[in-house]
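Report on the structure given below.
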Amino acid sequence: LVNQVVSQLVQAIRIKDSAFSSIYRQSAGSYYERVKISEPNEFDIMLVMPVPRLQLDESDDTGAYYYLTLKRNPKEKYLSKFLDEDGKLSAFKMLQALRNIIKQEVKNIKNVEVTVMRKKAGSPAITLQIKNPPSEISVDIILTLEVKESWPASTQDGLKIEQWLGTKVRRELKFEPLYFVAKQNKREKVLRGNTWRLSFSHIEKAMMNNHGNSKTCCESDGPKCCRKGCLKLLKYLLEQLKMKYPKELEKFCSYQVKTAFFHSCVTWPNDTDWHLGDLDHCFQKCLGYFVECLQKSQLSHFFIPKYNLLSLEDKASNNFLSRQLSHQLNNRFPIFQE
């Protein structure tokens, strides 16, 4: 159902605005990494737009947010209508154009009811609701620019996977293009809609799908490990706690858990550290690592080490979550029995 709706939208977008003519879909997120928990009712679809050359300028000290401008003799003239008054590529204008086409096109979708949800401030996604009795499916469409530039300096010491996946794999991954999503930097005083955030979802998907220290890990005839099982449990635990304490835990998202998980894979790089039968032990190790990060209010972005995903100004909520997780850990996870 989702594929059918998205295919029709992609065709319409390509035709209706020549600036988007090269757009293609790429599936991202937990469902496609095979680590989705609960029902398959939420999907992330990246609409990837290849843009050969852009100039990147950091917009703050996190190393994650950038202003994008056209290079001097742009071949990308078709983008000029999306520039703001300072000549920066406006995420807001591009999303607006995309949203308008999608809003028009969903009216032409036969045999299924699709609505475009109201815009959430600062969200990079255009969210569709697909009626699929007896439930509903939500699809986040995320505009993503694919830029063939070398990775910026802020990523230099990230992706420390040499011991885990090997130096060669790291080198290959760093040749992959950069992805930018239209994400506002919350730290900016005025949200002008012209910052873009680096996204590594394509790299994360590659790491999740080839996650073993040995090449045969989890292949049909190879030994099985519990890495994905650990990540699912971590995500499920956070999701359950967020349902229980929505206000206290609204700052947290599954990406923080996923980042802590990647760091755990580096800390314990060998497949023998993740025997399938040791799921409970491995899960508790990963969770312990995440709790330590919360206690220190320090969790480095896996690709951009200087970017801390648990800021000190959220110390109170970090402590609240670390207490909840410790309680679960020490009492054999009562929340899983509820």
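A few notes on this one:
- Counted by Cβ distance under 12 Å from GLY222, the other residues give a net charge of -1, where Lys and Arg count +1 and Asp and Glu count -1.
- Pairs of Cα atoms nearer than 8 Å and 6+ residues apart set the relative contact order; for the chain it is 16 percent.
- In summary, the aspartates and glutamates within cross-link reach of LYS71, defined as a Cα separation below 13 angstrom excluding same-chain residues under 8 places away, comprise ASP57, GLU149.
- Taking a straight line from the alpha carbon of LYS103, these aspartates and glutamates sit under 19 Å away, with near neighbours fewer than eight places off in the same chain left out: ASP17, ASP44, GLU113, GLU136, ASP140.
- The range 249-257 - phi-based ³J(HN,Hα) in whole Hz, Karplus 6.51/-1.76/1.60, Gly and Pro as x: 10, 5, 6, 9, 9, 5, 5, 5, 5
- In this view, the solvent-accessible surface of MET207, computed with a 1.4 Å probe and all protein chains in place, comes to about 0 Å².
- Pairs from LYS228/LYS258; LYS119/LYS148; LYS131/LYS247; LYS16/LYS107; LYS186/LYS232; LYS131/LYS258 whose Cα-Cα separation, in the structure shown, is over 18 Å: LYS119/LYS148; LYS131/LYS247; LYS186/LYS232; LYS131/LYS258
- Length gained when the stretch VAL169-GLN337 is fully extended (0.36 nm per residue, less Cα-Cα span): 56.5 nm
- Degrees separating the helix 279-296 axis from the principal Cα axis of the chain, which is the longest one: 70
- Cβ-Cβ distance of MET117 and LYS247, R₀ of 25 Å, FRET efficiency by 1/(1 + (r/R0)^6): the value works out to about 0.65.
- Our coupling estimate for the range 57-64, obtained by passing each phi through the Karplus curve with A = 6.51, B = -1.76, C = 1.60 and θ = phi - 60°, is 10, 4, 9, 7, 8, 6, x, 10 Hz, Gly and Pro reported as x.
- Estimated vicinal HN-Hα couplings, Hz - the range 321-338 in sequence order (Karplus 6.51, -1.76, 1.60; Gly, Pro = x): 5, 5, 5, 4, 5, 4, 4, 4, 4, 7, 10, 6, 6, x, 5, 6, 8, 5
- Sequence-separation-based contact order of the range 98-163, relative, with Cα cut under 8 Å and 6+ spacing, percent: 19
- C-alpha center-to-center spacing [the range 44-78, the range 294-338] in angstrom: 33
- Angle between the chain longest axis and helix 227-244 axis [Cα atoms, degrees, rounded to 10]: 80
- Degrees, to the nearest 10: 2-16 long Cα axis against longest axis of the chain: 30
- Average accessible surface for the chain: 50 Å² per residue, computed with a 1.4 Å probe over protein heavy atoms with every protein chain in place.
- The share of Cα pairs per 20 Å bin across the chain, counted from zero up to the longest distance, runs 28, 58, 14, 0 percent.
The values are calculated or read from the model by the stated rules, or taken from the named source; none is laboratory data. The structure displayed is predicted, hence computed values, not measured ones. In this analysis, Cβ positions are derived from the backbone assuming ideal geometry, glycine residues included, and neighbour counts consider all displayed protein chains. In case anyone asks, the SASA skips ligands and DNA or RNA and just uses the protein heavy atoms, side chains included. Shrake-Rupley method; radii C 1.70, N 1.55, O 1.52, S 1.80 Å.
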